[in-house]
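The values are calculated or read from the model by the stated rules, or taken from the named source; none is laboratory data. For clarity, every value in this text was computed on a predicted model and none was experimentally measured. Note that each Cβ is placed from the backbone with ideal geometry, even for glycine, and that neighbours are counted across all protein chains shown.
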C-alpha cells in the first residue's frame, strides 16, 4: 500500500522530502513530479525496483531509461561529456530537456542502451524533486509514468493512486501536471542535434 504525500508546490515540506529520500534509499518505488509530467523512479542501483518499473509499464529490455540528476557535477560523473555539450547543458538546465550521452562505468550496464552504451540525463525544473535529489546526493533512475496502452503520462495523482496504489511505495501529490514531452538532444560523439522537439526551447540549435 503506497504512502501518499501532498506537498506544497511553492514551499515543499522538508520532512516530506526527507521521508521520500528514506523510502528511495530503502528500495522503494516512487511517483514524483517533474517539469513535464509525473515520473516513476527508484534508486539507481536497485534491480528489483527497476524490474517493477518494467512490469508496471510493460517495457522491453530495449527501453531507454533516464537518470534524474541534481546538477552538472553529477551529470559529469555518470556521462562522458565534451566541452560543447557541457556548455549547452549548463545553459539549458534545469529544464524540460533530456540529453543523450555516452555512459561512464558508474552507470549500471542494465540501464545503458544495449548497443550504444548511452544513457538519458535530465535535470528537471521542479522544486520538490530538486530537494529530493539534493538530499539523496545521487541520481534517480526514472521513466515517464505512461501506463500500458496509453500514449501520454498520467496527470492526476488521485488517479495514479487508484490505479497503482498496490504497486508503489509512495505517490507524491504535486497537483495536476499536464503531460508534455521533453525536448531530446543527442550529445554523442561531439555531434549535437535535437532528435525530438518538445516543450524545451533550445534556440541556439535552430
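Within the stretch 90-100, identify whether any single residue is out of contact with any helix residue (DSSP H, G or I) (no Cβ under 8 Å at 6 or more places or on another chain), at pLDDT below 90, surrounded by 15 or more Cβ atoms within 10 Å (Cβ to Cβ) and closer than 22 Å to residue 30 by Cα, and answer yes or no.
No, because not a single residue in the stretch 90-100 is out of contact with any helix residue (DSSP H, G or I) (no Cβ under 8 Å at 6 or more places or on another chain), at pLDDT below 90, surrounded by 15 or more Cβ atoms within 10 Å (Cβ to Cβ) and closer than 22 Å to residue 30 by Cα.
Identify all residues within the stretch 102-137 that are touching a strand residue (DSSP E or B) at 6+ places or on another chain (Cβ under 8 Å) and in a loop (DSSP other than H, G, I, E, B); write none if there are none.
Selection gives 104, 107, 112, 113, 116, 117, 123, 124, 126.
What's the number of the only condition in (1) modelled with pLDDT under 95; (2) crowded, with 18+ Cβ neighbours inside 10 Å; (3) under 27 Å from residue 147 (Cα atoms); (4) more than 16 Å from the chain's Cα centre (by Cα) that residue 7 fails to meet?
Unmet condition: (1).
Please go through the stretch 162-200 and give me each residue that is part of a loop (DSSP other than H, G, I, E, B), in contact with a helix residue (DSSP H, G or I) (Cβ under 9 Å, 6 or more places away or on another chain) and over 25 Å from residue 42 (Cα atoms), ordered by number.
Answer for the stretch 162-200, where residues must be part of a loop (DSSP other than H, G, I, E, B), in contact with a helix residue (DSSP H, G or I) (Cβ under 9 Å, 6 or more places away or on another chain) and over 25 Å from residue 42 (Cα atoms): just 190.
Looking at residue 20 and the list (1) in contact with a helix residue (DSSP H, G or I) (Cβ under 9 Å, 6 or more places away or on another chain); (2) farther than 21 Å from residue 106 by Cα; (3) surrounded by fewer than 20 Cβ atoms within 10 Å (Cβ to Cβ); (4) in contact (Cβ under 8 Å) with a residue 12 or more places away in the chain, which single condition is not satisfied?
Looking at each condition in turn, residue 20 falls short on (3).
Where residues in the stretch 138-161 are part of a helix (DSSP H, G or I) and touching a strand residue (DSSP E or B) at 6+ places or on another chain (Cβ under 9 Å), which of them is surrounded by the fewest Cβ atoms within 10 Å (Cβ to Cβ)?
158
Give all pairs with beta carbons closer than 9 Å in which a residue from the stretch 97-115 that is free of Cβ contacts under 8 Å to residues at least 12 places away in the same chain meets a residue that is part of a strand (DSSP E or B); count only pairs at least 6 apart in sequence or on separate chains.
Pairs that qualify, where the first residue is free of Cβ contacts under 8 Å to residues at least 12 places away in the same chain and the partner is part of a strand (DSSP E or B), are 109/103; 112/103; 112/118; 112/119.
State all residues of the stretch 184-201 that are closer than 21 Å to residue 80 by Cα and surrounded by 12 or more Cβ atoms within 10 Å (Cβ to Cβ); if no residue qualifies, say none.
Selection gives 184, 185, 186, 187, 188, 192, 194.
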